Amino acid sequence: MITNVDTLFPWEFPNRQDRFHFFPEVDSTMEIARELAHDGCPAFTVVTADRQTKGRGRLRRTWLSDLGGLYFTLVLRSKIPPALSFRINFAAAVVLARLLQREFNLPAKVKWPNDILVNGKKICGMLSEMEVEAEALVFVNIGIGININNDPSSQEPQATSLQKELGRKVLRKQILAGFLDDFENRLEQPATLVTIIDEWKAENATIGRPVRIVTGDRQFAGTAMDVDETGALILELADGRRQQILYGDCFHQAT
Ligand code: BTN
C-alpha cells in the first residue's frame, strides 16, 4: 500500500527491504554503493538518500541534490562483456522515460548519452561506474538523479522537475518502486540487451537535431545522425564528414 507520506525507508519497499539502504544525508550515493559493491552486496542493492552534499554528475560536475529530489544508486552485477555495459544505461533511460510517459502522461524523451528531457528540459541525469576484473564486470553501479519536488532551475535554467511540469507534488517512492520493478523486469529478459539500442532510438530527442558536442578540449558542431552499436553518437559535420563521438556533453541547438 502506498501512503502519501513520501519517505524512502526500506519498509516502504517490502519486496526489496533486505537490499535497500536509505540515508537522510550522504556525500554521494555513488560512494556508498561502491563500498557495498566491493564488500560483495547482492545484485540490485539500492542506496538512496534524501539529499547529497557532494552529488556527482557526469564529467566531474556537481549534481544539485536538494530535498525533494530522488537520488539513488543501483548496484548491478552482470555477465555481459564490459564493452556492452552502456546498453544497461540505455535500458535504464528507456525504462524511466516510459514510466514518466505512462504514469504522468509527460512527453519524456531520452537525450544522448543518458539524460531524460521533458519539454526540452532536463529532468533526470544518470551516471555509471563499473569495475572490471579479468575482462569481466564485477559490478556496474548506475546513479540516477530525478528532479521531482525540488526545483534546480534557478541554478540550472535548462532543468525542470516533475512538480514544475505537473503543477503538483509527486511521491518519490512511487517513482522509485515503479522504476526498480520495471528495470529489474527488463534486465531479466535476455532480449533487452539486443533490442535496447533500437528502443532507445524510438524514445530519443537527439537524432536528427543540430547539436554541439564538447569532449574535453574539443568541440564539434553538426547534425546528430545516429547512435551506433557501441553507443557512440554519429555526427554529420558541416563539410559532410561523419564523426563518431564516444563521450561528451551534448547540447541540442535550436532547429
Ligand atoms: C548527470 O547528468 O550529470 C548525471 C547525474 C547523476 C546524479 C545521480 S544522483 C544519485 C547518484 N549519486 C551521485 O552523486 N550522482 C548520481
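The values are calculated or read from the model by the stated rules, or taken from the named source; none is laboratory data. Quantities reported herein were computed from a predicted structural model and do not represent experimental measurements. Heads up, the Cβs are rebuilt from the backbone with ideal geometry, glycines too, and the neighbour counts pull from every protein chain shown.
Quick check on Glu129: is it charged (D, E, K, R), closer than 22 Å to Ser65 by Cβ, surrounded by fewer than 23 Cβ atoms within 10 Å (Cβ to Cβ) and modelled with pLDDT under 95? It is false that Glu129 is charged (D, E, K, R), closer than 22 Å to Ser65 by Cβ, surrounded by fewer than 23 Cβ atoms within 10 Å (Cβ to Cβ) and modelled with pLDDT under 95. Figure legend. Inter-residue proximity from the range 117-133: first residues touching a residue at least 12 places away in the same chain (Cβ under 8 Å) and assigned by TED's automatic domain parsing to the domain that holds Val75, second residues of a type in the set (Asp, Glu) and within 16 Å of the ligand (Cβ to nearest atom), beta-carbon distance below 6 Å, spacing 6+ or different chains. Indicated pairs: Lys122/Asp115; Gly125/Asp115. Within the range 49-61, the set of residues being closer than 20 Å to Asp115 by Cβ and either surrounded by 15 or more Cβ atoms within 10 Å (Cβ to Cβ) or at pLDDT 95 or above (or both) comprises Gln52, Gly55, Arg56, Gly57, Arg58. Inspect all residues belonging to the range 28-39 and state whether any of them is in contact with a helix residue (DSSP H, G or I) (Cβ under 6 Å, 6 or more places away or on another chain), surrounded by 12 or more Cβ atoms within 10 Å (Cβ to Cβ), under 26 Å from Asn150 (Cα atoms) and not small (Gly, Ala, Ser). The answer is no; no qualifying residue exists.
None of Ala202, Ala191, Ala224 is within 23 Å of Leu96 (Cα to Cα), hydrophobic (A, V, I, L, M, F, W, C) and modelled with pLDDT under 95 except Ala191. What are the residues in the range 109-135 that are in contact with an Asp or Glu (Cβ under 8 Å, 6 or more places away or on another chain) and either more than 14 Å from the ligand (Cβ to nearest atom) or in a helix (DSSP H, G or I) (or both), if any? Once the filter is applied, which keeps residues that are in contact with an Asp or Glu (Cβ under 8 Å, 6 or more places away or on another chain) and either more than 14 Å from the ligand (Cβ to nearest atom) or in a helix (DSSP H, G or I) (or both), the range 109-135 yields Lys109, Val118, Asn119. Considering the range 52-88, the residues that are within 7 Å of the ligand (Cβ to nearest atom) and within 12 Å of the chain's Cα centre (by Cα) include one that is farthest from Ser128 (Cα to Cα), namely Tyr71.
Please determine whether any residue of the range 163-179 is over 16 Å from the mean Cα position of the chain (by Cα), among the basic types (Lys, Arg) and closer than 20 Å to Ala232 by Cβ. Step through it out loud before you land on a result.
Residues of the range 163-179 that are over 16 Å from the mean Cα position of the chain (by Cα), as a first pass: 163-171, 173-174.
Filter once more, so that each one left must be among the basic types (Lys, Arg): 164, 168-169, 173.
Filter once more, keeping what is closer than 20 Å to Ala232 by Cβ: none.
No; the residues of the range 163-179 include none that is over 16 Å from the mean Cα position of the chain (by Cα), among the basic types (Lys, Arg) and closer than 20 Å to Ala232 by Cβ.
If we keep just the residues of the range 33-51 that are more than 18 Å from the chain's Cα centre (by Cα) and not in a loop (DSSP other than H, G, I, E, B), which is farthest from the ligand (Cβ to nearest atom)? Only one residue fits best here, namely His38.
List the number of the failed condition for Ala134; all other conditions in (1) at pLDDT below 95; (2) hydrophobic (A, V, I, L, M, F, W, C); (3) at negative phi hold. Exception for Ala134: condition (3). When Ala159 is tested against (1) under 20 Å from Cys250 (Cα atoms); (2) away from the ligand (no atom under 14 Å from the Cβ), only condition (2) is not met.
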